[in-house]
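Q: Below is one structure. I have some questions about it.
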Amino acid sequence: MTDKTNFDTATRIAAGDDGTTYDGVAIALHWFTALLVFANFALAHTWDWFAKPTKGLMEQAHMSFGVLLTAAILARLIWRWLPGHQVSSLEAGWVKLASKGTHYLLYLLLIAEAALGFAFRWGAGRPMAFFGTGIPPMIGEMARPLRRELREYHEWIGWGIIVLALLHALAALYHHYVLRDRVLTRMLPSAANERA
Ligand code: HEM
Ligand code: HEM
């Protein structure tokens, strides 16, 4: 343990926080992220059922939510990196390893998904739609075959995120209903009130 961590821990304990509960910002960002991921998955897999004006609006909603999702992931990563915001694991051994591995993999896939979304949209020389406005391209144009390939990766990584997130949610429910521990409750909005 470094001196900094000791100081953080001491400060937190002095403030009545033992570092085993997520704070309000972390909890809000987690559920906002989850909501946007499910919404974007649903939009992308249903917009083909609709005709032109509706389909276009769904694609724009997907992009707008995508920008918000990118901001939420970056905010979460910065927040958990700032001193004093680390949460200790409630698990031990291989379960701790599996849970940490899943969380890091989710972050990695989410970042890749966002980067690919921006890359193939901007790579086509088109702005990223954002609630009626557009964020102009910040990269140069790409050849069409490369864009198509990146779009395919975006689709597959989207599936990866959904499958992993569902397994992750099942694990959380197993903790809550079978093991009856605090893993799920410390991520629920009520935990933020307890900590405040
Ligand atoms: C697409 C949906 C989801 C994504 C991308 C996601 C992602 C994540 C990530 C990255 C973490 C680690 C947080 C951190 O410490 O920085 C986490 C924690 C957590 N998530 Fe999710 N999550 C999703 C949905 C859900 C759902 C539906 C549930 C509950 C049924 C859930 C329950 C939890 C719990 C309980 C934790 C804390 C785990 C612990 O304390 O070790 N998540 N989630
Ligand atoms: C986990 C969340 C996400 C999932 C599951 C997802 C999934 C998908 C899927 C399946 C497609 C259709 C691909 C195709 O037709 O070949 C798509 C298109 C697209 N996605 Fe995502 N995506 C997500 C997040 C994002 C993010 C963060 C961005 C960036 C801001 C983004 C930007 C785009 C763009 C620009 C398109 C093309 C829209 C169009 O047809 O004009 N997506 N996405």
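Laboratory data are not the source of any read-out in this text; all were calculated from the coordinates shown. Nothing here was measured: the structure is a model prediction, and the numbers come from that model. Neighbour counts are summed over all protein chains in view; Cβ atoms, including those assigned to glycine, are modelled from backbone coordinates with ideal geometry.
Q: When 139, 161 are ordered from fewest to most other Cβ atoms inside 10 Å of their Cβ, what list results?
A: Taking fewest neighbouring Cβ atoms as first place, the list is 139, 161.
Q: Would you mind ranking 37, 178 so that the residue whose beta carbon has the fewest other beta carbons within 10 Å leads the list?
A: Working: 37 21, 178 8.
Exposure proxy ranking, most exposed first: 178, 37.
Q: Got a sec? How would 23, 181, 48 order by Cβ neighbour count within 10 Å, fewest to most?
A: Working: 23 16, 181 13, 48 8.
By the 10 Å Cβ count, ascending: 48, 181, 23.
Q: Please compute the net charge surrounding residue 162, taking Lys and Arg as +1 and Asp and Glu as -1 over other residues with Cβ under 14 Å from its Cβ.
A: Numbers: positive: none; negative: 113, 155.
It works out to a net charge of -2.
Q: Counting only Cα, what are the radius of gyration and maximum Cα-Cα distance Dmax of the range 62-150, in Å?
A: Gyration radius and largest Cα-Cα distance of the range 62-150: 16.9, 49 Å.
Q: Then there is this: Any idea what diffusion coefficient the range 20-195 gets from Stokes-Einstein, in µm²/s, Kirkwood Rh on alpha carbon pairs, 20 °C, 1.002 mPa s? Working shown, then result.
A: Details: Rh = 17.8 Å.
It comes out at roughly 120 µm²/s.
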